[in-house]
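The values are calculated or read from the model by the stated rules, or taken from the named source; none is laboratory data. Note that this is a predicted model, so its numbers are computed, not measured. Cβ sites come from the backbone with ideal geometry, for glycine too, and all protein chains shown count toward neighbours.
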Amino acid sequence: MTIAREGWPHILILLALGGVLLFFRLYWVGGILVFLGLFTTFFFRDPDRKVLQDPRLAVSPADGKVVQVMPAPAGSPLGPGSSQISIFLSVFDVHINRAPIAGKVAKVDYHKGEFLPAFDHKASTRNEQNTVTIADGDTRVVFKQIAGLIARRIVFTKRVDDAVARGERVGMIKFGSRVDVFLPPEFRVTVKEGDRVQGGISVLGERQ
């Protein structure tokens with residue numbers, strides 16, 4: 001299994017420290033560090049995905065549980081008539097983020113903020129977040145990478161004007177987080193609260 005490169009420093013440090021402590025017979029602490037190193041390896045897994053390429057579809061940018069589906073609130077990135085889908089990522093979910101549609105990165109806005117638990121809906125507006133707009137002609141889809149209680153670093157590997165394919169890897173959020181997706185009015189939302197979704201595979205909406 002492929003491991004995201006952002007994870008290797010954490011993995012190697014934990015395993016090395018654990019190995020040293022085990023060598024000196026500090027079995028309890030060393031065992032905990034080795035366990036944490038193995039869990040961190042699991043956390044940073046980066047599985048390949050067979051991405052749906054139908055141009056009418058917007059796919060999930062993240063793995064996790066859909067915790068909110070609603071009309072986007074006032075002041076949302078795409079304005080009146082758009083929809084908001086919120087996805088909660090636990091520490092057991094794959095944390096690689098993917099582009100929901102094919103197009104170009106039109107805008108990237110990073111904002112510092114709080115670190116409320118990612119399942120708290122107030123996290124959508126108050127937590128540290130990175131808002132990405134992808135444009136395909138006149139169509140724009142927006143997603144927010146939102147830090148959670150434990151997550152303290154958002155990674156986004158693309159720049160404005162970069163072309164992206166649907167489902168292409170574009171970054172990750174470390175250690176539990178939330179992703180909000182905003183679909184324009186021409187998209188019919190196809191998920192509901194409580195659904196489990198996978199990045200690049202699960203369809204969030206279909207262009208009508």
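So here's what we get for this one:
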{"item": "Qualifying residue in the range 69-88 (condition: in contact with a Phe, Trp or Tyr (Cβ under 9 Å, 6 or more places away or on another chain), part of a helix (DSSP H, G or I) and touching a residue at least 12 places away in the same chain (Cβ under 8 Å))", "result": "no"}
{"item": "Residue list for the range 37-68, restricted to those being closer than 20 Å to residue 156 by Cα, touching a strand residue (DSSP E or B) at 6+ places or on another chain (Cβ under 6 Å), part of a loop (DSSP other than H, G, I, E, B) and modelled with pLDDT of 90 or more", "result": "46, 60, 61, 62"}
{"item": "Hey, residue 195 within 22 Å of residue 78 (Cα to Cα), assigned by TED's automatic domain parsing to the domain that holds residue 69 and acidic (Asp, Glu) or not", "result": "no"}
{"item": "Enumeration of residues in the range 168-195 that are more than 12 Å from residue 69 (Cβ to Cβ) and among the aliphatic types (A, V, I, L, M)", "result": "170, 172, 173, 179"}
{"item": "Whichever residue in the range 76-95 is touching a Gly at 6+ places or on another chain (Cβ under 8 Å) and modelled with pLDDT under 95 and, among such residues, is surrounded by the fewest Cβ atoms within 10 Å (Cβ to Cβ)", "result": "90"}
{"item": "Residue within the range 106-116 that is within 18 Å of residue 4 (Cβ to Cβ) and either in contact with a Lys or Arg (Cβ under 8 Å, 6 or more places away or on another chain) or of a type in the set (Lys, Arg) (or both) present", "result": "no"}
{"item": "Breaking point among (1) at pLDDT below 95; (2) outside any strand (DSSP E or B); (3) under 26 Å from residue 5 (Cβ atoms); (4) of a type in the set (D, E, K, R), for residue 178", "result": "(2)"}
{"item": "Single residue of 61, 73, 55, 100 found to be surrounded by fewer than 16 Cβ atoms within 10 Å (Cβ to Cβ), closer than 19 Å to residue 129 by Cα and of a type outside the set (S, T, N, Q)", "result": "73"}
{"item": "Test: residue in the range 154-161 that is surrounded by fewer than 22 Cβ atoms within 10 Å (Cβ to Cβ), in contact with an Asp or Glu (Cβ under 8 Å, 6 or more places away or on another chain) and either in the same structural domain as residue 62 (by TED's automatic domain parsing) or among the small types (Gly, Ala, Ser) (or both)", "result": "yes"}
{"item": "Top-ranked residue in the range 189-208 [being part of a strand (DSSP E or B) and surrounded by 15 or more Cβ atoms within 10 Å (Cβ to Cβ); ranked as modelled with the lowest pLDDT]", "result": "207"}
{"item": "Close pairs (6 angstrom Cβ cut-off, 6 or more residues apart or separate chains): closer than 14 Å to residue 13 by Cβ in the range 23-34, surrounded by 10 or more Cβ atoms within 10 Å (Cβ to Cβ) anywhere", "result": "30/18; 30/21; 30/22; 33/14; 33/17; 33/18; 34/18"}
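This table checks each residue for (1) farther than 19 Å from residue 61 by Cα; (2) modelled with pLDDT under 90; (3) not in a strand (DSSP E or B).
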site: 106; (1), (2), (3): no, no, no
site: 110; (1), (2), (3): no, no, no
site: 119; (1), (2), (3): no, yes, yes
site: 124; (1), (2), (3): no, yes, yes
site: 131; (1), (2), (3): no, no, no
site: 134; (1), (2), (3): no, no, no
site: 141; (1), (2), (3): no, no, no
site: 145; (1), (2), (3): no, no, no
site: 149; (1), (2), (3): yes, yes, yes
